[in-house]
Amino acid sequence: MSTTPPAPAVPRSAALTRLEAKRRPWWILAVVALVAAVVAGVVIYRRRSAAPVARYLLGAVTRGDLVESIRATGTVQPVLSVQVGAQISGRVTRVAVDFNSAVHTGELLAEIDPTPYRAQAAQVRAQLASARALLTQRRADLTLAERNLVRANALRAQQLNAAVDLDVAVASRDAARAAVGVAQAQVEQATASLQVAQTNLTFTRILAPIDGIVATRSVDPGQTVAASLQTPTLFLIVNDLTHMQVIANVDEANIGKLAEGMEASARVDAYPRDTFRGTVRALRITPLTTNGVVTYQAVIDVENPQARLRPGMTATVTAVTARRDGALRVPNAALRYRPAGAAVELPGGRGDGGVGRGSRGGGGRQRPEGTERGAVYVVRAGVATRVPVAAGLTDGVFTEVTSPELQEGMQVVIDETDAANAAPRPAAPTRTPRVF
């Protein structure tokens with residue numbers, strides 16, 4: 001029977017060394033994990049506690065001239081234009097002018113065939129001669145009747161004729177007088193007909209009614225003109241192209257700012273770099289309603305010395321309604337700006353209780369017409385501070401302001417950068433490093 005030999009005895013120091021070698025990695029892992037946790041906590045804390053710093057866009061408070069104006073669109077028209085037509089019908093035998101021809105008052109423009117009107121005048125002239133001859137005959141009959149009446153009265157006084165003979169003589173005298181009156185009326189009627197015929201004969205020559213330029217010609221030789229129902233337009237004559245007018249349609253919200261005599265200017269697409277100066281001559285009271293939009297017509301006289309403006313051009317009119325010289329002004333964006341998170345201010349100093357946005361997001365209110373209370377913001381100690389102002393005239397870019405706290409050369413906030421309005425990003429999670 002075999003026996004297992006006993007294991008060799010291990011020294012006590014060697015056993016302790018093996019035990020310590022087994023326990024040493026746990027302590028190292030614990031220390032490394034603790035250090036990693038502390039580092040991750042510091043990083044997360046710093047990222048979460050770092051708030052974005054607001055960065056402002058600034059504009060300067062300046063002094064300068066402000067001009068308030070309104071704009072409207074209109075059509076260029078001549079100051080005076082005359083449509084020349086034909087008052088009689090007939091065939092056009094001659095056209096003496098063409099487009100852009102300069103004409104003077106009384107100058108021949110066109111001629112209608114006068115032959116039938118000459119014949120008509122001759123016929124009426126003959127009727128007048130016949131009426132005059134008839135009048136002479138009736139006057140002779142009246143003379144004879146008056147003489148017969150005188151004889152009848154003499155005979156009746158001597159009782160040499162009957163009373164009826166005297167009555168017949170009186171009746172004959174009266175009938176002769178009436179016949180003379182009828183003949184005179186026929187002469188006057190024939191005279192009037194002759195005047196009409198002669199006038200129609202003169203209408204065969206179409207003459208220029210004013211001095212000007214032929215803008216439109218709507219007739220050619222050989223064309224037949226019919227003027228039975230309405231007068232056809234053959235020519236359009238404008239008097240003077242060096243003085244034009246613009247008929248502008250002004251919105252009803254701006255018509256109250258205009259007044260006769262105000263300065264105005266006009267621009268057209270044909271000459272985009274040129275400005276044509278003028279004045280407001282008239283404001284018409286008749287409204288024009290187009291698709292629910294009410295406008296009123298303003299007449300602006302415009303100088304056109306080089307005759308570059310032409311009838312029918314579309315013009316953009318700018319009328320000066322108010323002016324301030326040397327006004328303290330700020331950019332309009334400064335009045336619209338409100339800090340992110342501020343309550344939106346309403347007219348009269350009331351707030352809506354909501355949360356406003358920066359000027360980039362459309363926060364703040366537009367300044368109404370006239371002097372109104374408003375506010376701008378200046379940067380003090382790195383923070384936008386509200387400064388109340390009284391807003392006045394504006395030209396669309398700058399606005400006149402009045403405030404004891406504002407001076408020329410100061411900077412006001414007009415906007416915030418996008419980084420100031422953006423929310424901070426959440427910190428990325430930190431992983432604990434693994435030790436193998």
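Computed from the coordinates by the stated procedures, all read-outs in this text should not be read as laboratory data. As the structure is a computational prediction, the values presented were derived from the model and not from experiment. Backbone-built Cβ (ideal geometry, glycine too); neighbour counts: all protein chains shown.
A simple rule links phi to the HN-Hα coupling: the Karplus curve 6.51 cos²θ - 1.76 cosθ + 1.60 with θ = phi - 60°, which for the range 102-117 gives 7, 10, 10, 4, x, 6, 5, 9, 7, 9, 9, 3, x, 4, x, 6 Hz, with x for Gly and Pro. Label separation (Ser218 vs Gln407): 7.1 nm, computed from points 7 Å beyond Cα along the C-beta direction. Note on the range 86-212: Rg/Rh from Cα positions, Kirkwood definition for Rh, rounded to two decimals, is 1.41. The modelled label-to-label distance between Ala270 and Arg177, using points 7 Å beyond Cα along the C-beta direction, is 7.4 nm.
In this simple spin-label model, placing a label point 7 Å from the Cα along the Cα-to-Cβ direction at both Val150 and Ala381 gives a separation of 13.3 nm. Using equal-weight Cα scatterers in the Debye expression, the normalised intensity of the range 170-238 in log10 at q = 0.11, 0.14, 0.15, 0.16 Å⁻¹ is -0.53, -0.66, -0.71, -0.76. The amide H of Ser89, built 1.01 Å from its N in the peptide plane, has Ala227 as neighbours under 5 Å, considering only residues 5 or more places off or on other chains.
Packing, taken as the mean count of other beta carbons within 10 Å per residue, orders the peptides 258-264, 32-38 from highest to lowest as 258-264, 32-38. A Förster radius of 51 Å combined with the Cβ-Cβ distance from Gln189 to Thr290 puts the calculated FRET efficiency at roughly 0.40. Each part reduced to its alpha carbon centroid, the range 269-345 and the range 118-143 end up 70 Å apart.
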